[in-house]
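This report refers to the structure that appears directly beneath it.
The values are calculated or read from the model by the stated rules, or taken from the named source; none is laboratory data. Here the structure is a predicted model, which is why all the values come from computation and not from measurement. No Cβ is skipped: glycine too gets one built from the backbone with ideal geometry, and neighbour counts run over all protein chains shown.
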Amino acid sequence: MRFSVLAGAALIFIAAPASAATYTAVVTTPGVVWVTDVAPVPAMGVAIHQTMKAFVPAFAIVPVGTAIAFPNDDAFYHSVYSDSPGNAFDIGLYDTGPGKSVRFDVPGIVDIHCHVHGTMHAVVVVVDGPYAQTTTPNERVRIEGISPGRHLVHTWTGGPVAATTTVDFR
Ligand SMILES: [Cu+2]
């Protein structure tokens, strides 16, 4: 289970219906970054580095329950935090080294900043479904492999929250 970096792209994901036992993992469009055939489980080994006063990567999609490490690759201090509801944290000031990890337990958009460097910004999208896909502008998104029935479809194109609609899949 992996994530990828696509700055400026829209994100679409589908919450897992409780009744769906299986999914088919289908890659249909460029930019698909995360498809799996099981219920979401936390990802392992995810890290967002602080490198030359920037978050690398600055965009990540992770399944709910994933812990992200924040290693400091710079020769000076960083202080990483978020005020995003449900996933707010502040790991305080830390020097070069592995830093600390933060576990993200609530689905949603997490804006991440540094107290020391106001220009640093990263976004983590925490998803509670087995299907997520980044898109490019004006791309027609084709969603396959979803069990028939009514599902929640979330789209995010920036900002603090995702838009949610109900879609009947047939
Ligand atoms: Cu910093």
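For the stretch 61-89, how many residues meet the condition of being surrounded by 20 or more Cβ atoms within 10 Å (Cβ to Cβ), within 10 Å of the ligand (Cβ to nearest atom) and farther than 17 Å from H121 by Cβ?
0
Among the strands (runs of 3 or more DSSP E) lying completely within the stretch 38-78, list those that include at least 2 residues that are modelled with pLDDT of 90 or more and farther than 17 Å from G129 by Cβ.
49-51, 54-56, 66-69
In this structure, is H113 within 20 Å of A162 (Cβ to Cβ) and within 11 Å of the ligand (Cβ to nearest atom)?
Working: within 20 Å of A162 (Cβ to Cβ): yes; within 11 Å of the ligand (Cβ to nearest atom): yes.
Yes: the conditions hold for H113.
Out of the residues in the stretch 91-138 meeting the condition of being touching a strand residue (DSSP E or B) at 6+ places or on another chain (Cβ under 9 Å), part of a loop (DSSP other than H, G, I, E, B) and at pLDDT 95 or above, tell me which one is nearest to D74 (Cα to Cα). Write out each step before concluding.
Kept after step one, since they are touching a strand residue (DSSP E or B) at 6+ places or on another chain (Cβ under 9 Å), are these residues of the stretch 91-138: 91-117, 119-137.
Now narrow it down to the ones that are part of a loop (DSSP other than H, G, I, E, B): 95-96, 98-100, 105-107, 115-117, 119-120, 128-130, 136-137.
Subsequent filtering for residues that are at pLDDT 95 or above retains 95-96, 115-117, 119-120.
Values: D95: 8, T96: 6, H115: 15, V116: 13, H117: 12, T119: 15, M120: 13 Å.
Among them, the one singled out is T96.
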